[in-house]
1. From 109, 66, grab the single residue that is at pLDDT below 95 and exposed (fewer than 12 other Cβ atoms within 10 Å of the Cβ).
2. Could you count how many residues in the range 51-85 are closer than 17 Å to residue 114 by Cα and touching a helix residue (DSSP H, G or I) at 6+ places or on another chain (Cβ under 8 Å)?
3. Just to be sure before I move on: is residue 84 loosely packed, with under 14 Cβ neighbours inside 10 Å and either modelled with pLDDT of 95 or more or not in a strand (DSSP E or B) (or both) in the structure I sent?
4. Among the strands (runs of 3 or more DSSP E) lying completely within the range 3-81, list those that include at least 1 residues that are over 23 Å from residue 108 (Cα atoms) and in contact with a strand residue (DSSP E or B) (Cβ under 9 Å, 6 or more places away or on another chain).
5. What is the one condition in (1) touching a strand residue (DSSP E or B) at 6+ places or on another chain (Cβ under 9 Å); (2) surrounded by 14 or more Cβ atoms within 10 Å (Cβ to Cβ); (3) more than 23 Å from residue 129 (Cβ to Cβ) that residue 104 does not satisfy?
6. Among the residues of the range 114-136, is any in a loop (DSSP other than H, G, I, E, B), surrounded by 11 or more Cβ atoms within 10 Å (Cβ to Cβ) and at pLDDT 95 or above?
């Protein structure tokens, strides 16, 4: 089975690490840090990724456009989401997310490459995938990461 076929479906985040100066640390959205995420690849070539802290402060109002500036800033800092199309390079074992809509406006139109490492558990092949990212600017310095996902 090719990498594109193996990616199709819904995945749940199981681990997320930041890699800086040769040291791995839990990413703030990692399940080990009270976070979680869902990643979906559809057969028609679209994808959606969402990461969130599981316990998020509620707004003081239920109005859709409500919330104080402080509440909105806190909500923004505890949630990441983007959607777009995707392309798989079978030779490089990579997937590129072509971002169409995203919480962080500077990422609209960007191509985000992720390198794929498939594995299995309990005797099953391919039900886990690790997405490795090239270094990104986090806190003013280049930081790579990997996120592990298990097929739902």
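The values are calculated or read from the model by the stated rules, or taken from the named source; none is laboratory data. Owing to the predicted nature of the structure, the values given are computational and were not obtained by experimental measurement. Note that we place each Cβ from the backbone using ideal geometry, even for glycine, and neighbour counts take in every protein chain shown.
1. On inspection, the qualifying residue turns out to be 66.
2. The qualifying residues number 1.
3. no
4. Fully inside the range 3-81 and qualifying: 9-20, 23-26, 35-41.
5. Here residue 104 meets the rest and fails (2).
6. no
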